[in-house]
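Q: The structure is given below, and queries will be raised subsequently.
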Amino acid sequence: MYLISYPIRSVYEGPEPSHFEERLDHRIKNHDKEIERMCNYHYQGFIESVRGLLQVRTDVECLKLEINKTNDDLQNSGDSLLGRGGDLVKLRKTQRNIESAVDALSLCLPVLETYGKLKEQLRLKRYYPALKTLEQLEHSHLPRVSKYKFLQPMCETIPTLRDSIKDASMTDLKDFLESIRKHSEHIGHIAMKHQCAEQNKMDPSIVTTQGKKRPAPLPPKLKRKAPPPPNPFGDDVDDGTPNGRHNPFNDEGIETGDEAQDAEEGVSAQDLIDFSPVYRCLHIYSVVGARDTFESYYRKQRRKQARLALQPPPNMQDTLDGYKRYFHDIIGFFVVEDHILNTTSGLVNRAYIDELWDMALLKVVAVLRTHIGFCTDATLMLQIKNLIMLFSLTLRGYGFTVSQLYDLLLEIRDQYSEILMKKWVEVFNGIFQMDNYTPICVNTIEEYEAVTALYPFMDSRLEKSPFPKNLPFSQFVPNVYSEVKEYIYACLKFSEDLHLSQNEIDDMIRKLANVLLTRTLSGCLSELIKRPQLHLLQLIQISINMNHLEQSCVFLEDFISNITGLVKDNVHVSRLQGTSMFKDARSEAEGQIYKRINEKIDEFFDLANYDWTATDPRGQPSEYISDIIAFLQSTFIAFTNLPEKVAQTACMSACKHMASLLMELLKDHQVREISIGALQQLNLDLVQCEHFAASDPVPGLNDGTLQLAFVDLRQLMDVFLEWDWANYIADHGKATGKYIRVPPATCILLLEKMRDLDKKKSNLLASFKRNERDRKKLLDTVLKQLRQLVNGQVHFT
Amino acid sequence: MAKTYDYLFKLLLIGDSGVGKTCVLFRFSEDAFNSTFISTIGIDFKIRTIELEGKKIKLQIWDTAGQERFRTITTAYYRGAMGIMLVYDITNEKSFYNIRTWIRNIEEHASNDVEKMILGNKCDMNDRRQVSKEKGEALAVEYGVKFLETSAKASINVEEGFISLARDIKAKMDRKLEASNPSNRTAHQLKNEPSKKSRKWSCALL
């Protein structure tokens, strides 16, 4: 436009627009001429084309008809085809449905089958396979068919079923626990019996309870039936039959040693119990993933049972059976636990058992200590000790530490010997009570040997003498001797199996024997000797018996060495203290003999009846003195078995006692007055005594010793009866004096009594006889002199 | 020394070994019993004071061994005895028949006027009795002495026996004193002041 506009503008603006126009017109005329020519040229062609077109139109119409016809034909044949096709489609659909139904059904069928099996298993109480089935059902079957509505309830029942299986197996376990509680006593019993058989020397009867409560034998079907713990991972889980499996119990390490006996006995402890409920329950719980619960439940229950087992039965201390049951129960419990430990993996572990055992041990020791504390029967005690021994051995066999029980046993030993001591107090007192305190008289050699069998007595002289022989001692001696031996045996019995060395045993026996001798026997003897109702005869026999027992101590030592098997070794072996004890007892008995005789003399003196104011003596000795002397004489004659030494001492002591009693009579403050006549009477009595002393009342004392007892009195009597005051005072202080044994104080006492009597008489009779007056004067002078002597003596000393 | 008694009676127990003389004495002196048999050796005695009619009487009772071998020792004591208890065992016939021997012994060795009494001991053991009470009584009647069946074990008649014997001795003694020494009798009465007083009073009243 721009390009054109410029020349157009320049045209219009230039000087010749007309020119331009002219030119332009010219140009238009040219173009018109050209167009005309062209049209003329193409007109024919055009006509012809129209003609052609018309032709085409007819052809098309024809074609159109033809097509329509064909179309109709096609239409007709297509319709039937379409119908067929539709049918085919329908059939095809049906076929596919059938196929999918078959598929679904084949999917569901195993589920149902499994479910059925499960139900069946449940019915048969085969819980473990049931659980496996359930597992299968839940994890492999059900997920695949979860879309089915009808399986929904099944899915819902699965947890309930599982719970019911759990519950059912738990019930089984509970039954098992209950039965194990019942049978553990029996198990313990058998375990102890095995241990006992192993120990050989032990008497198997110590195990067996005699009580009527003995556990009933297990139903035979339980025996040997115990199935092995099923392997939860194995393929044969469902195969509940134990056929073809080895019995695991016989493989137990603990049992191997006992197998021979097992065969003999027919059953081992564990064989008695069907443990399968535990295994089953354990597996079931592990499978359901509640193993921890189960474990804790089991342990809790067992702990409870342990506590029950550890509860001692009432009145246990009364009978051995009580203890047996108690031990059986406890052993049974631990045997079962041990078995569980060995056959399950980790249901219980060592730590748990050890903890239980520690608790049990503590309790057992405490219970035993209390119960045995009440025990006063040595035999029972010994049996209990053996039982405890076996108990600890059995449990040690199962790997439990039992050292505390040994400590307890040592403790019990002390109590045992205490009980023995008490028992022996009775034994000794029984011997003392039963003894007739007369020398044993044997009529035949058998009787003689019966005594020597009890007591090692040897006397060659007696051996040769003809029957009947009189042994020096009474039955008391062999009885006491053999009882001491019995005691030693009894002590030894307790030390058996305590694992003490020979030295220890020997030491202990000696110690205990010493305690028995120095405490028990010595106490009994001392009590016996002090009994007031004891006759002189008994005392004498006791003192003789003591002599023999004292000699028998050597044999007792030999006896101990023999039974403890320790070579007698004077250096190391502690000596028996019996010898000195019997010596003491003898001297005590002898003391009592002297005392008893003196008491008799006292009784006689109670009968003394002096008339202290008599002017004249009766002319014959007092009756009581004659009685005493007769009594003493007959006593020393009658007691032929009184050892010479004792007889001598007794006689000496009797004489001294009489002398001192006579002296007391004179000095008695209640006797205020004494006449010379009374003194003469006393002198008569003294002469009797002196006669007695001089008459050899006991053998071996004829050297004048006995008379010495009366010397003081004799000198006193001489001074007074001879009125020999001049000599007395003159000789006073001289070692050779005639009246050396007469102290001036005694003279003063007696003289005062005489003076008092004189005073009374003179008052009464108002006598002024000359010789009386002289006598009085002399008396006063003597008294004065004597007082000076006493004072002088005081000065001297 | 003050006299603690008015009379001293010496009694003697004799009889076969094992009839229970010591037990009878033990019962009387200690009121006790000991069942073990320990035969007496030689002689023993016990003293017990009793009171009779206001008098203190000391009984010195000699217990003799029954065994033959001590016979010489024991017979020496017959002489001084004022009363003799002859003891037999009702369960042992022999001991009963021997009473006659014992009485002959008494006649031989004891003083003529000794008081005697027969005791049939162990009367608690009726089931083993061999000597009837009647037989015992008949024997006692025959010798004109008192008789009692006793049991030291059951404490039957022991006390009664001794008291009875003591009473008889006392009665005899009183009679003798009276007969031989009338002055003694007055002296005796002097001591007995209360009775005298009462008599005086009654006199005054009359």
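Q: What are the residues in region B:71-95 that are open to solvent by 10 Å² or more (accessible area, probe 1.4 Å), within 14 Å of another protein chain (Cβ to nearest Cβ) and not basic (K, R), if any?
A: B:T72, B:I73, B:T75, B:A76, B:Y77, B:G80, B:M82
Q: Filter region A:434-444 for residues that are open to solvent by 80 Å² or more (accessible area, probe 1.4 Å) and either part of a helix (DSSP H, G or I) or within 14 Å of another protein chain (Cβ to nearest Cβ) (or both) and give the result.
A: A:M434 - this is the single residue of region A:434-444 that is open to solvent by 80 Å² or more (accessible area, probe 1.4 Å) and either part of a helix (DSSP H, G or I) or within 14 Å of another protein chain (Cβ to nearest Cβ) (or both).
Q: A follow-up question, please. Is there a residue in region B:56-68 that is closer than 24 Å to B:V131 by Cα, touching a helix residue (DSSP H, G or I) at 6+ places or on another chain (Cβ under 9 Å), among the β-branched types (V, I, T) and open to solvent by 10 Å² or more (accessible area, probe 1.4 Å)?
A: Among the residues of region B:56-68, not one is closer than 24 Å to B:V131 by Cα, touching a helix residue (DSSP H, G or I) at 6+ places or on another chain (Cβ under 9 Å), among the β-branched types (V, I, T) and open to solvent by 10 Å² or more (accessible area, probe 1.4 Å), which makes the answer no.
Q: Another question, then. If you check B:I103 against the conditions, is it out of contact with any His (no Cβ under 7 Å at 6 or more places or on another chain), part of a strand (DSSP E or B), more than 10 Å from every other protein chain (Cβ to nearest Cβ) and closer than 25 Å to B:D113 by Cα?
A: In short, no.
Q: Inspect all residues belonging to region A:349-372 and state whether any of them is in contact (Cβ under 8 Å) with a residue 60 or more places away in the chain, among the aromatic types (F, W, Y) and not assigned by the TED database to the domain that holds A:R531.
A: no
Q: Of all residues in region A:177-213, count the ones that are modelled with pLDDT under 60 and basic (K, R).
A: 3
Q: Further question on the same structure: Exactly one condition in (1) surrounded by 17 or more Cβ atoms within 10 Å (Cβ to Cβ); (2) more than 20 Å from A:S634 (Cα to Cα); (3) at pLDDT below 90 is false for B:N112; which is it?
A: (1)
Q: Applying the selection to region B:10-26, what residues are under 14 Å from A:Q533 (Cα atoms) and open to solvent by 30 Å² or more (accessible area, probe 1.4 Å)?
A: Scanning region B:10-26 gives B:T22, B:C23, B:F26.
Q: Of the residues A:D685, A:D724, A:D731, only one is of a type in the set (D, E), buried (at least 20 other Cβ atoms within 10 Å of the Cβ) and in contact with a Phe, Trp or Tyr (Cβ under 9 Å, 6 or more places away or on another chain); which?
A: Result of the check over A:D685, A:D724, A:D731: A:D685.
Q: Any residue at all in region A:651-668 that is over 18 Å from A:K753 (Cβ atoms), more than 14 Å from every other protein chain (Cβ to nearest Cβ), of a type in the set (D, E, K, R) and in contact (Cβ under 8 Å) with a residue 24 or more places away in the chain?
A: Checking region A:651-668: at least one residue is over 18 Å from A:K753 (Cβ atoms), more than 14 Å from every other protein chain (Cβ to nearest Cβ), of a type in the set (D, E, K, R) and in contact (Cβ under 8 Å) with a residue 24 or more places away in the chain.
Q: Scan region B:67-77 residue by residue and report those that are touching a strand residue (DSSP E or B) at 6+ places or on another chain (Cβ under 8 Å) and either in a helix (DSSP H, G or I) or over 17 Å from B:A110 (Cβ atoms) (or both).
A: Going through region B:67-77, the residues touching a strand residue (DSSP E or B) at 6+ places or on another chain (Cβ under 8 Å) turn out to be B:70, B:73-74, B:77.
Of everything in region B:67-77, those that are touching a strand residue (DSSP E or B) at 6+ places or on another chain (Cβ under 8 Å) and either in a helix (DSSP H, G or I) or over 17 Å from B:A110 (Cβ atoms) (or both) turn out to be B:F70, B:I73, B:T74.
Q: Every residue in region A:525-537 that is part of a helix (DSSP H, G or I) and either at positive phi or surrounded by fewer than 21 Cβ atoms within 10 Å (Cβ to Cβ) (or both), please. It would help to see each step written out before you state the result.
A: Our first condition is that a residue be part of a helix (DSSP H, G or I); within region A:525-537, this holds for A:525-530, A:536-537.
Matches in region A:525-537: A:S526, A:E527, A:K530.
Q: Here's another thing I want to ask about it. Would you say A:D611 is open to solvent by 10 Å² or more (accessible area, probe 1.4 Å), within 12 Å of chain B (Cβ to nearest Cβ) and touching a strand residue (DSSP E or B) at 6+ places or on another chain (Cβ under 9 Å)?
A: no
Q: I'm trying to understand the selection: among the residues of region B:27-67, which are farther than 23 Å from B:D168 by Cβ and either touching a residue at least 40 places away in the same chain (Cβ under 8 Å) or among the basic types (K, R) (or both)?
A: B:F33, B:S35, B:A65, B:G66, B:Q67
Q: Specify the residue that is most open to solvent (accessible area, probe 1.4 Å); the eligible residues are those in region A:614-640 that are of a type in the set (D, E, K, R) and more than 12 Å from chain B (Cβ to nearest Cβ).
A: Looking at the filtered set, the residue picked out is A:R618.
Q: Can you go through A:F334, A:F294 and tell me which one is at pLDDT 80 or above, under 23 Å from A:D172 (Cα atoms) and among the aromatic types (F, W, Y)? Steps first, please.
A: Details: A:F294 fails: at pLDDT 80 or above.
The conditions single out A:F334.
Q: For region A:120-156, which residues satisfy the criterion of being of a type in the set (G, A, S) and in a helix (DSSP H, G or I)?
A: Scanning region A:120-156 gives A:A130, A:S140.
Q: Only residues in region A:538-552 that are buried (at least 23 other Cβ atoms within 10 Å of the Cβ) count as the first member; pair them with residues that are among the aliphatic types (A, V, I, L, M) and at pLDDT below 85, Cβ under 6 angstrom, at least 6 apart or cross-chain, and list the lot.
A: That search, which allows pairs on different chains as well, returns A:I540/A:L642.
Q: Next question, about the same structure. When A:F605 is evaluated against the numbered criteria (1) of a type outside the set (D, E, K, R); (2) within 12 Å of chain B (Cβ to nearest Cβ); (3) in a loop (DSSP other than H, G, I, E, B), which criterion, by number, is the only one it fails?
A: (3)
Q: While we're looking at this one, here's another question. Taking the criterion of being away from every other protein chain (no Cβ under 14 Å), closer than 30 Å to A:T640 by Cβ and part of a strand (DSSP E or B), would at least one residue in region B:120-142 satisfy it? Break it down stepwise before answering.
A: The first filter runs over region B:120-142 and keeps only residues away from every other protein chain (no Cβ under 14 Å), leaving B:120-142.
Imposing the further condition that a residue be closer than 30 Å to A:T640 by Cβ reduces the set to B:121-122.
Remaining after also requiring part of a strand (DSSP E or B): B:121.
Yes, because at least one residue in region B:120-142 is away from every other protein chain (no Cβ under 14 Å), closer than 30 Å to A:T640 by Cβ and part of a strand (DSSP E or B).
Q: Quick one: B:Y7 ticks every box in (1) within 13 Å of another protein chain (Cβ to nearest Cβ); (2) out of contact with any helix residue (DSSP H, G or I) (no Cβ under 8 Å at 6 or more places or on another chain); (3) surrounded by fewer than 24 Cβ atoms within 10 Å (Cβ to Cβ) except a single one, so which number is it?
A: (2) is the only condition that B:Y7 fails.
Q: Among the residues of region B:40-67, what is the count of those that are charged (D, E, K, R), away from every other protein chain (no Cβ under 12 Å) and under 15 Å from the mean Cα position of the chain (by Cα)?
A: Result for region B:40-67: 1.
Q: Something else now. Quick one: which residue in B:S29, B:S35 is of a type in the set (S, T, N, Q), more than 8 Å from chain A (Cβ to nearest Cβ), open to solvent by 10 Å² or more (accessible area, probe 1.4 Å) and under 13 Å from the mean Cα position of the chain (by Cα)?
A: B:S29
The values are calculated or read from the model by the stated rules, or taken from the named source; none is laboratory data. Predicted model, so just to flag it, every value in this text is computed and none were measured. For neighbour counting, all protein chains shown are included, and Cβ atoms are generated from backbone atoms with ideal geometry for every residue, glycine included. Just so you know, the surface numbers come from the protein's heavy atoms only, side chains and all, with ligands and any DNA or RNA stripped out. Shrake-Rupley method; radii C 1.70, N 1.55, O 1.52, S 1.80 Å.
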